[in-house]
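Student: Here's a structure for you.
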Amino acid sequence: VHLHVVSGLSRADSNITLVTLKSILHSFDNQRNTQTLASFPLDVQTAIDWLKIEPSIYRTLCCPRCFKISKPHLQLKICDHQETSRSQKCHTELFNDKDKPLRQYSTQSFREWIIKFIQRDGIEDLLLQSSRYSSPSSDPSFRRCIWDGSIWSTFEDSDGEPFHQRLGNLSFGIYVDWFNPQGNKVAGKHKKPTVSQMSNVLLSLVHELKLRWLPGVTIPTLTYPSGLLVKVALIAAVCDLPAIRKLIGYASHSAEMFCSFCYLPQSRNQDLDHAAWSVRTIEGHKAESKAWKSATTHTERKELFKAFGVRWSILNELSYWDPTKFTVVEPMHLLSGMLCWHAIKVWRLKEIVLELKDKKPVEYDVPVNEDYFDGDHYEQLREDERYYATTNNSGINLHSLQDALMEIDEDIQAINDSSEDPCVFSSKDLSKIRWVIKHTQIPSWLNRPSPIFGDASAGKVRSADWIFVSYHIHAFRDRGAEEDQSKRAG
């Protein structure tokens, strides 16, 4: 089953493998083996049916252009989607000359998946553990895990009760990206989905989420054979920056109204007096997004979007959805972007590379447009996902963290303002980094950064490379500092 489902072995070859395994087991002549092999499957589909891991896939007619999902009973031949009440209809043909759908949208039933999930061994125990959790600290800013978060503890269900304290309630996050693992090596630049296309595709998911929120679904379990009421809420959008802005309806980070948490304009983004910032609220977001949706022309929508930085998102149809609180800063790209900026701006990596290579400067810098991460391939993303932060058992004090970040920002600003200060990074340091990259033993599933790290000829430095360099170099330098201290103490 693993070879067929995970490794992609064909059904015919998988069946041959099963027959071979049965023949091998038959060679161990004993009565117990004979009884077991009597029911041994000879078809991989039989084994999948026994394990109950085959999902129910539903395919729906989908417009090739705007991605609007059409209901089967309408029997449409041409897409009738309209962006606004005064705009033209899509008018894209939905079938070819042989009456075959040009595009279908395939999805798994969310309700069926939840039932299978709840009925797995051990899931009830984990849900009970979650519902009984209480923070080990009385400090409201204490954070050790997601259960200590303010949203987790204050979010209410449809009855007005604490959502996560009720056994059976499930909270989900939504992740969106548009890399294509099956076509990532096809030549040319791939098109990114528009906000409208994303809303059309997510419509069926939002419909299911509404039903799972109220009335929910009753599922028989071992502890509750008559049924456990399960309610579902979507409380987090976790994406990289371009995807999350399109998903929740906010403007790009390069727009004038760039922030998804406040109304600070791009022209004042150096203002660090956060007490003076006008914070976004769910009431304001709903009013602004509904005004954008109600606009009858694209020109009117453009003006509203420029003024408030908000568009309509299909997720707004969820009664509890609050993008001002449910937007999660995606840690992988955030961290790698900070490391890249630090290396180029603070370490002055470009200048140091030129010291090691006596050549004309090659201009490169941190990209500032929202296509920054479009070049990532599937393999790279898999590598990036393997990075994880060290667990902090003592928790995180958010106020202390905020103060520390403000101090770091002031230090970096001072470095930028003083062009006469000597560079804190040298060609000797870069040589050490390259030596560590070359000689560090790493797991086979990780790709090693280029041994000429920092040189433009080495190509783009990936997210995984920035994290690798930062993590291993800091460990290397810390160990060296400890050895120096030991020598001085001796």
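Student: Being more than 27 Å from Q108 (Cα to Cα) and either outside the structural domain of I114 (by the TED database) or modelled with pLDDT of 90 or more (or both): is that true of A237 here?
Tutor: On the way: more than 27 Å from Q108 (Cα to Cα): no; either outside the structural domain of I114 (by the TED database) or modelled with pLDDT of 90 or more (or both): yes.
The answer is no for A237.
Student: Can you pull out the residues in the stretch 240-251 that are assigned to a loop (DSSP other than H, G, I, E, B) and modelled with pLDDT of 90 or more?
Tutor: Within the stretch 240-251, the subset assigned to a loop (DSSP other than H, G, I, E, B) is 240, 249, 251.
Hits for the stretch 240-251 are G249, A251.
Student: For the stretch 291-316, enumerate the residues that are closer than 20 Å to S204 by Cβ and not in a helix (DSSP H, G or I).
Tutor: Residues of the stretch 291-316 closer than 20 Å to S204 by Cβ: 293, 312-316.
Correct list: W312, S313.
Student: Related question: Counting just the residues of the stretch 252-277 that are assigned to a loop (DSSP other than H, G, I, E, B) and touching a strand residue (DSSP E or B) at 6+ places or on another chain (Cβ under 6 Å), which one comes out farthest from V195 (Cα to Cα)?
Tutor: First pass over the stretch 252-277, keeping only residues assigned to a loop (DSSP other than H, G, I, E, B): 252-261, 263-265, 269-273, 277.
Keeping just the survivors that are touching a strand residue (DSSP E or B) at 6+ places or on another chain (Cβ under 6 Å) gives 260, 277.
Values: S260: 16, W277: 27 Å.
Filtering first and then ranking leaves W277.
Student: Another one. When both residues are 6+ apart or on different chains and their Cβ atoms are under 9 Å apart, which pairs have a first residue that lies in the stretch 290-312 and is within 22 Å of P265 (Cβ to Cβ), and a second that is at pLDDT 95 or above and β-branched (V, I, T)?
Tutor: A291/V310; W292/V310; L304/V310
Student: While we're here: Taking the condition of being exposed (fewer than 10 other Cβ atoms within 10 Å of the Cβ), under 34 Å from the mean Cα position of the chain (by Cα) and assigned to a loop (DSSP other than H, G, I, E, B), how many residues in the stretch 69-88 meet it?
Tutor: 2
Residue-wise test of (1) assigned to a helix (DSSP H, G or I); (2) touching a helix residue (DSSP H, G or I) at 6+ places or on another chain (Cβ under 8 Å).
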| site | (1), (2) |
| --- | --- |
| T107 | no, yes |
| R111 | yes, yes |
| G160 | no, no |
| H164 | yes, yes |
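Student: Please work out which residue is surrounded by the most Cβ atoms within 10 Å (Cβ to Cβ), limiting yourself to the stretch 240-277 and to residues that are among the aromatic types (F, W, Y) and either over 16 Å from R301 (Cα atoms) or not assigned by the TED database to the domain that holds W312 (or both). Give the derivation first.
Tutor: To start, the set of residues in the stretch 240-277 that are among the aromatic types (F, W, Y) comprises 250, 258, 261, 263, 277.
Imposing the further condition that a residue be either over 16 Å from R301 (Cα atoms) or not assigned by the TED database to the domain that holds W312 (or both) reduces the set to 258, 261, 263, 277.
On the way: F258: 17, F261: 14, Y263: 14, W277: 15.
Once the filter is applied, the top-ranked residue is F258.
Student: Is it fair to say C62 is among the hydrophobic types (A, V, I, L, M, F, W, C), in contact (Cβ under 8 Å) with a residue 24 or more places away in the chain and more than 23 Å from A295 (Cβ to Cβ)? Break it down into steps so the answer makes sense when it comes.
Tutor: Numbers: among the hydrophobic types (A, V, I, L, M, F, W, C): yes; in contact (Cβ under 8 Å) with a residue 24 or more places away in the chain: yes; more than 23 Å from A295 (Cβ to Cβ): yes.
Judged against the criteria, C62 is a match.
Student: Please tell me if A47 is surrounded by 15 or more Cβ atoms within 10 Å (Cβ to Cβ), outside the structural domain of S204 (by the TED database), under 30 Å from Q119 (Cβ atoms) and of a type in the set (G, A, S). Walk me through how you get there before you give the answer.
Tutor: Working: surrounded by 15 or more Cβ atoms within 10 Å (Cβ to Cβ): yes; outside the structural domain of S204 (by the TED database): yes; under 30 Å from Q119 (Cβ atoms): yes; of a type in the set (G, A, S): yes.
Judged against the criteria, A47 is a match.
Student: Further, regarding this structure: Does the stretch 206-223 hold any residues that are aliphatic (A, V, I, L, M), out of contact with any Lys or Arg (no Cβ under 7 Å at 6 or more places or on another chain) and at pLDDT 95 or above, and which are they?
Tutor: Going residue by residue through the stretch 206-223, those that are aliphatic (A, V, I, L, M) are 206, 209, 211, 214, 217, 219, 222.
Retained after the next criterion (residues that are out of contact with any Lys or Arg (no Cβ under 7 Å at 6 or more places or on another chain)): 206, 209, 211, 214, 219, 222.
Matches in the stretch 206-223: V206, L209, L211, I219.
Student: Suppose the filter is under 30 Å from C90 (Cα atoms) and loosely packed, with under 12 Cβ neighbours inside 10 Å; does R65 pass it? Lay out the reasoning, then the answer.
Tutor: On the way: under 30 Å from C90 (Cα atoms): yes; loosely packed, with under 12 Cβ neighbours inside 10 Å: no.
So R65 fails the test.
Student: Report yes if V1 is among the aliphatic types (A, V, I, L, M) and within 25 Å of R120 (Cβ to Cβ), otherwise no. So that I can check it myself, show each step before the final result.
Tutor: Numbers: among the aliphatic types (A, V, I, L, M): yes; within 25 Å of R120 (Cβ to Cβ): yes.
The answer is yes for V1.
Student: Looking at F95, F110, which one is free of Cβ contacts under 8 Å to residues at least 24 places away in the same chain, among the aromatic types (F, W, Y) and either in the same structural domain as S294 (by the TED database) or surrounded by 12 or more Cβ atoms within 10 Å (Cβ to Cβ) (or both)?
Tutor: On the way: F110 fails: free of Cβ contacts under 8 Å to residues at least 24 places away in the same chain.
The conditions single out F95.
Student: Would you check which residues across the stretch 190-212 are touching an Asp or Glu at 6+ places or on another chain (Cβ under 8 Å) and assigned to a helix (DSSP H, G or I) and list them?
Tutor: S196, V206, K210, listed by residue number.
Student: When the residues of the stretch 1-20 are narrowed to those that are surrounded by 10 or more Cβ atoms within 10 Å (Cβ to Cβ) and at pLDDT below 90, which ends up nearest to W113 (Cα to Cα)? It would help to see each step written out before you state the result.
Tutor: Our first condition is that a residue be surrounded by 10 or more Cβ atoms within 10 Å (Cβ to Cβ); within the stretch 1-20, this holds for 1, 3-5, 9-11, 13-20.
Then keep just the ones that are at pLDDT below 90; that gives 1, 3-5.
Values: V1: 20, L3: 23, H4: 21, V5: 17 Å.
Among them, the one singled out is V5.
Student: Then there is this: Just to be sure I understand the filter: pairs with C-beta atoms under 8 Å, separated by 6 or more residues or on different chains, first member in the stretch 190-202 and closer than 12 Å to G249 by Cβ, second member surrounded by fewer than 17 Cβ atoms within 10 Å (Cβ to Cβ). Which pairs pass?
Tutor: S196/E83
Student: Further question on the same structure: Evaluate the following for V461: is it within 36 Å of the chain's Cα centre (by Cα), within 17 Å of L349 (Cβ to Cβ), at pLDDT 65 or above and in a loop (DSSP other than H, G, I, E, B)? Steps first, answer last, please.
Tutor: Values: within 36 Å of the chain's Cα centre (by Cα): yes; within 17 Å of L349 (Cβ to Cβ): yes; at pLDDT 65 or above: yes; in a loop (DSSP other than H, G, I, E, B): yes.
Yes; evaluated as a whole, the condition is true for this residue.
The values are calculated or read from the model by the stated rules, or taken from the named source; none is laboratory data. The structure displayed is predicted, hence computed values, not measured ones. Note that each Cβ is placed from the backbone with ideal geometry, even for glycine, and that neighbours are counted across all protein chains shown.
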